[in-house]
1. Which of the residues that make up segment 203-220 are open to solvent by 70 Å² or more (accessible area, probe 1.4 Å), within 24 Å of the chain's Cα centre (by Cα) and either within 21 Å of Ala257 (Cα to Cα) or small (Gly, Ala, Ser) (or both)?
2. What about Leu260, is it assigned to a helix (DSSP H, G or I), at pLDDT 95 or above and open to solvent by less than 70 Å² (accessible area, probe 1.4 Å)?
3. Can you find a residue in segment 250-257 that is within 21 Å of Glu286 (Cβ to Cβ) and assigned to a loop (DSSP other than H, G, I, E, B)?
4. Within segment 240-247, is there a residue that is open to solvent by 70 Å² or more (accessible area, probe 1.4 Å) and either of a type in the set (Ser, Thr, Tyr) or modelled with pLDDT of 90 or more (or both)?
5. Could you list, in sequence order, all residues of segment 245-289 that are of a type in the set (Ser, Thr, Tyr) and without any contact (Cβ under 8 Å) to a residue 24 or more places away in the chain?
6. Taking the criterion of being of a type in the set (Phe, Trp, Tyr), crowded, with 20+ Cβ neighbours inside 10 Å and part of a helix (DSSP H, G or I), would at least one residue in segment 268-279 satisfy it?
7. Looking at (1) out of contact with any strand residue (DSSP E or B) (no Cβ under 9 Å at 6 or more places or on another chain); (2) within 25 Å of His68 (Cα to Cα); (3) touching a residue at least 40 places away in the same chain (Cβ under 8 Å), which is the only condition His234 fails?
8. Within the group Ala200, Ala193, Ala223, which residue is among the small types (Gly, Ala, Ser) and over 18 Å from the mean Cα position of the chain (by Cα)?
Amino acid sequence: MTQDVDMDDLASLMQRYVEKYQLEQLEGCIETAIPGVWFYRSRQGNERQPFIYQSGIIILGQGYKQVHLGATSVEYGPNDYLVVGVPMPLECEAIAKNNQPLLGLTIDIDHSLLLKQVAALEQYGFEPNANSRDNACGLQCVKMNDAMLASSKRLIAALLNGLEAQLLGASLLEEMVFRALTSSEGHVLFELAHQEGHYARIAKALSRVHRDYATRLTVHTLAEEASMSVSAFHQAFRDVTLASPLQYLKKVRLNKAKELIQVEGKRVSDAARLVGYTSPSQFSREYKRHFNQTPRGTLPHV
């Protein structure tokens, strides 16, 4: 197995995973044998559309994605990976090149593991890249170095071997988190672990948004959740998410409504109510503005 890993590139290993588990028809994500690790495949990609990236590490072995955060645009592919510290509503375009499907991994970062590794690194005197700390955005693109590439290949190799996935999965996840923490943008995760910092406080408020999006949340309520003044919270929130608190909340509600309509088959009026809208007409207007289609255009085909 080790020799094969050394010889194969990341895309080849991912394709072997597709073939082994007969995932040639997969269009989207599926959880792997290692809890918290998701495999992604898309044959055609997708045009630019709204998504919510959850916290974690996102690796592409094949294909490219263009991520749009407000006025900021980031392209990443096999030579890069993303570190996402907090859930980020964004717009994403997935690009398949040379008629080859996009292949990738998404790795959830368990908060207890994050705290454990940050504490250990700090005990040994490690400090994240100080030059990056001025950039508080919750999503950072990192160049794939040899160490991260080797760790990623070991993770895929374990997924190709059921015994390795069961016995080595937890340690391989620790290795991946270690690589992300010690990368040039590891400060994103370091600051998330420090509850007294602005970044961690905003993360706490975001957890409230994702938990209670259907309730009447105000900026004042969220600022209290973060133990910050309204003005300081508003600025820190923009720094981390590149959106205002109310813009962020609206995106979360609309993305959840789309999921309710498209995946769970809810009626448009029910979906609007379940995500916190009291006015169906306002919901329809904002939905069309966000997704460039009406809610009824999202209804599943039967």
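1. Residues of segment 203-220 that are open to solvent by 70 Å² or more (accessible area, probe 1.4 Å), as a first pass: 204, 211, 216, 220.
Next, only the ones that are within 24 Å of the chain's Cα centre (by Cα) stay: 204, 211.
Arg211, the sole residue that qualifies.
2. no
3. Of the residues in segment 250-257, the ones within 21 Å of Glu286 (Cβ to Cβ) are 250-257.
Now narrow it down to the ones that are assigned to a loop (DSSP other than H, G, I, E, B): none.
Checking segment 250-257: not a single residue is within 21 Å of Glu286 (Cβ to Cβ) and assigned to a loop (DSSP other than H, G, I, E, B).
4. Restricting attention to segment 240-247, the residues satisfying the condition of being open to solvent by 70 Å² or more (accessible area, probe 1.4 Å) are 246-247.
If we keep only those that are either of a type in the set (Ser, Thr, Tyr) or modelled with pLDDT of 90 or more (or both) as well, we get 246-247.
The answer is yes, given that some residue of segment 240-247 is open to solvent by 70 Å² or more (accessible area, probe 1.4 Å) and either of a type in the set (Ser, Thr, Tyr) or modelled with pLDDT of 90 or more (or both).
5. Taking segment 245-289 as the starting set, the residues that turn out to be of a type in the set (Ser, Thr, Tyr) are 248, 269, 277-279, 281, 284, 287.
Across segment 245-289, the qualifying residues are Ser269, Thr278, Ser279, Ser281, Ser284.
6. Restricting attention to segment 268-279, the residues satisfying the condition of being of a type in the set (Phe, Trp, Tyr) are 277.
With crowded, with 20+ Cβ neighbours inside 10 Å added as a condition, the list becomes 277.
Now restrict to residues that are part of a helix (DSSP H, G or I): none.
For segment 268-279, residues of a type in the set (Phe, Trp, Tyr), crowded, with 20+ Cβ neighbours inside 10 Å and part of a helix (DSSP H, G or I): absent.
7. Failed condition: (3).
8. Working: Ala200 fails: over 18 Å from the mean Cα position of the chain (by Cα); Ala193 fails: over 18 Å from the mean Cα position of the chain (by Cα).
Only one candidate passes the filter, namely Ala223.
The values are calculated or read from the model by the stated rules, or taken from the named source; none is laboratory data. In this text, all values refer to a predicted model and were calculated from it rather than measured experimentally. Heads up, the Cβs are rebuilt from the backbone with ideal geometry, glycines too, and the neighbour counts pull from every protein chain shown. Accessible surface areas use protein heavy atoms only, side chains included; no ligands, DNA or RNA. Shrake-Rupley method; radii C 1.70, N 1.55, O 1.52, S 1.80 Å.
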